[in-house]
1. Expressed in nm², what is the orientationally averaged projection area of the convex hull enclosing the Cα positions of region A:57-163?
2. Using Cα centres only, tell me the gap between region B:154-170 and region A:341-368 in whole Å.
3. So for A:Cys267, B:Cys208, fewest C-beta neighbours within 10 Å to most, what's the order?
4. For region B:183-322, what percent of Cα pairs sit more than 28 Å apart?
5. Return the sequence-ordered ³J(HN,Hα) values of region B:80-93 in whole Hz as given by the Karplus equation 6.51 cos²θ - 1.76 cosθ + 1.60 applied to θ = phi - 60°, using x for Gly and Pro.
6. What percent does the relative contact order of region B:203-245 come to when contacts are Cα pairs within less than 8 Å and at least six residues apart?
7. Helix B:100-110: angle to the longest alpha-carbon principal axis of chain B, degrees 0 to 90, nearest 10?
8. Using a simple spin-label model with points 7 Å from Cα along the Cα→Cβ vector, what separation in nm is obtained for A:Ile5 and A:Ser120?
Amino acid sequence: MIETIRAAFVIARRDFTAIIFSKSFFFFLLGPLFPLIIGIAAGGLGQQVRKDIDRPVIGVALEETQSAKLIDARAALAKNLGNGSFPELLLLPDVSPTDPNIKTKLDTASTPLTAIISGSLDAPLLTGSQADVKRWSGRMALLSETALSGSNPVTVKTDFVATTGSSKKRTQIATAQGGQIILILLTMILAGMVLSNLVEEKTNKIIEILAAAIPMDAIFLGKLFAMLGMALVGITVWSTLGLIGVSVVSSGMPNLPAPAVGWPLFCVLMVLYFSMAYLLLGSLFLGIGAMATTVREVQTLSMPVTMGQLLVFFLAAFTVTKLGEPIEWFAVAFPFSSPFAMIARAAQMDNIWQHGLALIWQGMFTLIIIRFSVMLFRRNVMKSGNSARKKSLLARMRG
Amino acid sequence: MTSSAQENNAANAIEAHQIVKRFDGDTAVDGIDLTIKKGSIFGILGPNGAGKTTTLRMLLGIIDPDEGERFLLGSSDPISKSHQVGYLPEERGLYQSMKAFDAIAFMGALRGLPLAEGRKRGRQMMEDHGLGDAVDKQIRQLSKGMAQTVQLLGTIVHEPDLIILDEPFSGLDALNQGKLERLIRGQADKGVTVIFSTHVIAHAERLCEEIAIVANGKIPFTGKVSTARDRLRPQVHLETHNLDGPWRSAIPEDCEPLGHNWHFTLPESGVEPLLRALIEGDAGIQSLSIERPGLHDAFVHIAGEAVAKKMEEDSALEGEAA
C-alpha cells in the first residue's frame, strides 16, 4: 500500500510540475476569464440588439401644426413616463393627412416604419400591421389627447396591412440572427475536427513523411478540404433529418419569412459562408496545431481560439441591426467575422455582388493564414533534438 | 532564380554548398559542403546531435537552409523531385488504422504512384519480404519490427532513384538489421543511390563506398571509406624471439616491448624494408601481423576522441533500448 502511494506520488509530482511550469498553464489560469468575458459580451449584446429591433418608429402624416403639437406632447409625456414608453415619431412632410396610399408608404419609406398616423389629432387613423396597431393605438390616443390639451377623449381609428417595413425588417433580422447562430454552431463543432486530425498526425509522427513528399501548403489545404467535405456531409445529413422532422411535426414545411436575397440564394450563401468560416478557423487551428509540440499544448490553445471566435461572432451579431454603420463595415471587412456579418447582410440586403467580393476576400485571407502557418512550420517545427521542444510556444510563434 | 540556376549538375544525386542552419541562435549545421554521386551507397556518420538529421531535412527540402544552396537530383527545389526520392525519417510514423498494404500504397501515392498500382506492389512486396500474413492487418496490429519494414517498403514502393534513410538501423534487432543491409545492397545493385545516416560505424564500414563524417555541425571528412582509413598508417603487431639485435633499427625508437611483443605504426618506408631488416637482423619472428586501421580508428583520428566517445555511448544506449 505504502509502495503504491509512493509510486502515485512520483507520478503526481511529475505531472504537477510538468503542468505548472508549462506555458500552457498560463492559458489555463486565464480560463475562467473567457466565459466571463463571453457572458458579459453576450448579455450586453443581446440587450442592445433587442433594443435596436424593438425600437418602433411611427410616421406622422398630420397637418404641420398638429404634427408639432403631437411631437411636443410626446416629449412632455416621455419626460415623466420615460422615453421607452412611446414610439419614436418621424415626420412625413411629403405625405398628406388624407393620402389614400398611406399603406404603400409603409413599405416604401426609407426608414422602416412600424405604423403611420394620419387624419387629424381629434380623429386619428393608425395604419400598420394588426399586432403593431393593437400595441400602439392606446399610446397614440394618449399622445393625441395630450396634444389637444386633454379636452376630449380621442378614439384612434385603425387600418391594417399584412406587413410593414418595420415588421419585414424584424423578420429579416430574425433570419439574419438565425443564420449567424447556425453558422457559428456548425463552425465551432466542426473546426475542432481539424485540430483532432493534426493531433493524430503528430501522435503518428507521420508529418515528416508528408512534409518530405509534398509541399506543406498542399498538406494544410488537403487537410482543410478533407475536413470541410466531411463537415458538409454531416450538415447535409443533419439538415435533411431536421427538415424531415419539422415537416412531420408541423404537417408540412413552415412558412418562414423570406430573407432579402430569397431562400434559394440564402441557402447557397449559408453553405458558402459556412465553408469560409470553417476554412478561416480551421486554417488558424492548423497553424497553431502545427507549431505546438505536444498534444497538451494543442488542446490548451484551442480554448482561447474558440473564445476568440465567439467574440468575433458577437461582433457580427452586434452589427445585425447596424447595416452600413462603421462597426458593421468593420465586421464585414475583418476576415474572421466577415462570414457572419455577410450572412446577416444576405438576410437584409438584396444586392448580390457584395457576396462575391466577400467570398474572394475571405478565401484570400485563408490562403494568407495557410502561407503564414507553413512559413512558421518550416522555420520552427522541423527541428531535430531537444531545443525545439524546450522552447515555449509563444517563442516559437515569434520565431 | 533562373531555371538554369535552379538546375545543377544532374550527375550528382546531392550537392550542397556551404549550407547553414540555425535554430534559436544555435548553429545546427555550420557551412557544410557535400557531393554525393549517383549510384553509390553513401553513409553520413556522426553522433546524435551532430547535425545529420537537419542536414538530411535541408537536402530533402523539408526545411530551407539559412545560408548556402543545395541541389537534389540537380534541382534546388527538392520537393519537385519527390517522385524520384524515397525517404525514411528517423521518427517512424504510420497511420495506425490503415491496413499494411494500404499504408505502402499511400506512401507511394504521396510520391506520385497511382494508388491502385501502389496497392498491387504493396501486397507483392510484403509477400516477398515474408509479411504475406500481415498484408490485410492494420498497422496497430503489427509488431514494431513489422511496422518498420512496412514503412521501409513504403519508402521504396515507387521505385525511386534516390533513397534517403535517417538512422534506418535504429531500433532494429540484429536479424532485421541484416535484412535491411541486404535490402540496401539490393537497391544499390539496381543503380539506386542510397544515402543513410548512422551513428554505428560498423554499418557504414560494411555498406558504404563513401562516407561523410559529421561532427558539431561540420563535415571534417567526406570521401571513400578507404581514403578515411588511409589517413592512418597500418599498425604492426610483432612477436620476436630475440629482444635485441641489428634489426631494432627498423623499429621506431620510442617503441618498447611488452614481453616479446611489439606494437608500432608501420614506418613510412613500408613493409619490405621492415621484413628484410627483421629477417636479416635475426629477430626470430614468432608472429607478425600488419593491420590496416578500421573506420573506427579513422573516425577517432578525424572527428576527435570526444565525438567518437559520444557516438559509442549513443550506440550503446540504443543497443540497450533495442
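FYI, it's all coordinate maths here, none of it is from the lab. If you're wondering where the values come from, they're calculated on a predicted model, not measured in any experiment. All Cβ positions, glycine included, derive from the backbone under ideal geometry; neighbour counts span all protein chains shown.
1. Values: hull surface 24.0 nm².
That works out to 6.0 nm².
2. 47 Å
3. Working: A:Cys267 15, B:Cys208 24.
Fewest-to-most ranking of A:Cys267, B:Cys208: A:Cys267, B:Cys208.
4. On the way: 3860 of 9730 pairs.
I get 40 percent for the Cα pairs in region B:183-322 exceeding 28 Å.
5. Each residue's phi maps through the Karplus curve to give 5, 9, 4, 5, 9, 10, x, 9, 10, x, 5, 8, 6, x Hz.
6. Working: 26 pairs, mean separation 10.9, N = 43.
It comes to 25 percent, rounded to a whole number.
7. Tilt relative to chain B: about 90 degrees.
8. 9.7 nm
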